[in-house]
Amino acid sequence: MAGTDGGRASARRRLGGTGVEVSALSVGTAPLGNLFRAVSDADAAATVEAALGAGLRYFDTAPLYGHGLAERRVGTALRGRRDVVLSTKVGRLLRPAEGVDGGVFDIVPDAVPVFDFSGDGVRRSLEESLQRLGLDHVDVVYLHDPDDHVRQALDEAYPALHELRAAGVVKAIGVGMNGPAVPTRFVRETELDALILAGRYTLLDRTGARELIAACRERGTSIIAAAVLNSGILVDPRPGATFDYEEAPPALLERAQRIERICRAYGVPLRAAALQFALGEPVVASVLTGMRSPAEVADNVAMMDLPIPTQLWKDLIADGLIDDWVSVSSESVASS
């Protein structure tokens with residue numbers, strides 16, 4: 001189903017077997033929690049308004065983002081809207097503390113995130129998120145980073161989410177993680193509707209993703225592809241560019257530069273190909289990217305809506321830059 005403006009960015013895809021439909025381009029709200037640098041309340045509100053104006057209808061947040069700040073800002077900006085899909089995450093409870101170091105978040109409230117994947121922790125986390133959001137519901141809830149708590153997350157947190165979905169409190173459930181191994185286990189051992197995979201299904205890096213993609217295809221689980229620009233290298237792969245927030249290794253930098261040269265031959269910005277790449281895979285429902293200003297919203301929408309010649313993808317395949325198991329432009333690479 002197309003979005004209001006008919007562009008690719010606002011087109012809708014369904015999460016798993018649910019009735020939840022998300023926009024192909026979705027808004028990550030970590031930047032609205034002052035990720036790396038502070039954002040004003042006014043700029044945060046303007047960013048959400050710009051996204052809504054562009055037809056984007058899926059917003060993802062979490063208690064971790066700005067230690068509750070992103071949830072408060074998103075809730076205020078979306079209050080009264082019934083035409084959006086909103087997700088948050090559980091697995092961390094925010095507890096009062098003084099002199100908090102926000103880590104990658106600049107200027108945070110006096111609260112510290114504490115891991116808790118117990119059933120009670122999941123329910124309390126959701127209740128507290130709703131209070132910060134000032135809303136009576138969210139559509140989707142993800143288990144957030146259970147890497148070091150897998151057993152408890154499977155035995156306690158997941159059953160609590162399952163009950164919340166069965167009771168109609170939430171419409172869809174999933175996990176949100178950086179690596180593919182643990183999400184693959186969850187897909188196979190539980191009944192997830194969707195998962196957020198950050199940085200591991202991108203134009204540059206699909207490490208370990210093949211097994212996860214296969215499991216999601218088999219189980220009908222949707223993927224939200226996040227961090228598809230790999231923290232900057234797929235915007236401008238110059239020497240010193242960052243990959244996963246550290247200086248990119250030479251081999252990855254050279255690979256990104258080869259991709260960029262092919263994109264440039266077709267007049268396509270590298271970031272446009274990076275944003276659109278994941279949507280060629282049928283189980284990918286949306287590409288999630290952080291946005292901190294109306295200008296970033298406009299650029300992301302323009303890049304997602306930019307036409308990309310099929311031959312560009314074929315050249316990337318021929319050059320060995322896209323694997324033979326990957327789908328691009330909704331067509332199997334093997335049959336291209």
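The values are calculated or read from the model by the stated rules, or taken from the named source; none is laboratory data. On a predicted model such as this, the values are computed, not experimentally measured, just so you know. As a convention, Cβ positions derive from the backbone with ideal geometry for all residues, glycine included, and neighbour counts pool all protein chains shown. With ligands, DNA and RNA removed, areas are computed over all heavy atoms of the protein, side chains included. Shrake-Rupley method; radii C 1.70, N 1.55, O 1.52, S 1.80 Å.
Okay, here's what the table says:
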| quantity | calculated |
| --- | --- |
| DSSP-defined antiparallel bridges as percent of all bridges, the chain, nearest 5 | 30 percent |
| Over the chain: helical MRE at 222 nm, DSSP H runs n ≥ 4 each giving -39500 (n - 2.57), nearest 500 | -10000 deg cm²/dmol |
| Radius 9 Å from Cβ of Ser26, net charge of other residues (Lys, Arg +1; Asp, Glu -1) | 0 |
| Compactness of segment 1-107 - radius of gyration and Dmax, Cα, Å | 14.9, 48 |
| Computed FRET value (nearest 0.05) for Arg37 with Ser231, which takes r as the C-beta separation and R₀ as 22 Å | 0.90 |
| Fraction of accessible area attributable to carbon and sulfur, segment 1-145 (%, probe 1.4 Å) | 51 percent |
| Segment 158-218, relative contact order in percent, only Cα pairs under 8 angstrom and at least six apart counted | 30 percent |
| Asp148 paired with Arg14, simple spin-label distance in nm, labels 7 Å along Cα-to-beta-carbon | 4.0 nm |
| Phi-based couplings in Hz for segment 84-93 (Karplus 6.51, -1.76, 1.60; Gly and Pro marked x) | 10, 10, 10, 10, 9, 9, 10, x, 10, 9 |
| Antiparallel content of DSSP bridges confined to segment 1-116, in %, to 5 | 65 percent |
| 3J(HN,Hα) from dihedral phi, segment 103-115, Karplus parametrisation 6.51/-1.76/1.60, rounded to Hz, x for glycine, proline | x, 6, 9, 8, 6, 10, x, 7, 8, 10, x, 10, 4 |
| Per-residue HN-Hα couplings for segment 167-172 [Karplus 6.51, -1.76, 1.60; θ = phi - 60°; Hz; x = Gly/Pro] | 7, x, 5, 10, 9, 8 |
| Pairwise centroid distance, computed over Cα atoms, of segment 110-158 with segment 231-290, Å | 32 Å |
| Per residue solvent-accessible surface (Å²) - segment 26-169, probe of 1.4 Å | 40 Å² |
| Cα-Cα pairs of the chain separated by more than 29 Å (percent) | 35 percent |
| Added length on full extension, which subtracts the Cα-Cα distance from 0.36 nm per residue, Ala298 to Val169 | 43.1 nm |
| Relative contact order (%) - criterion: Cα under 8 Å, at least six apart; region: segment 167-265 | 22 percent |
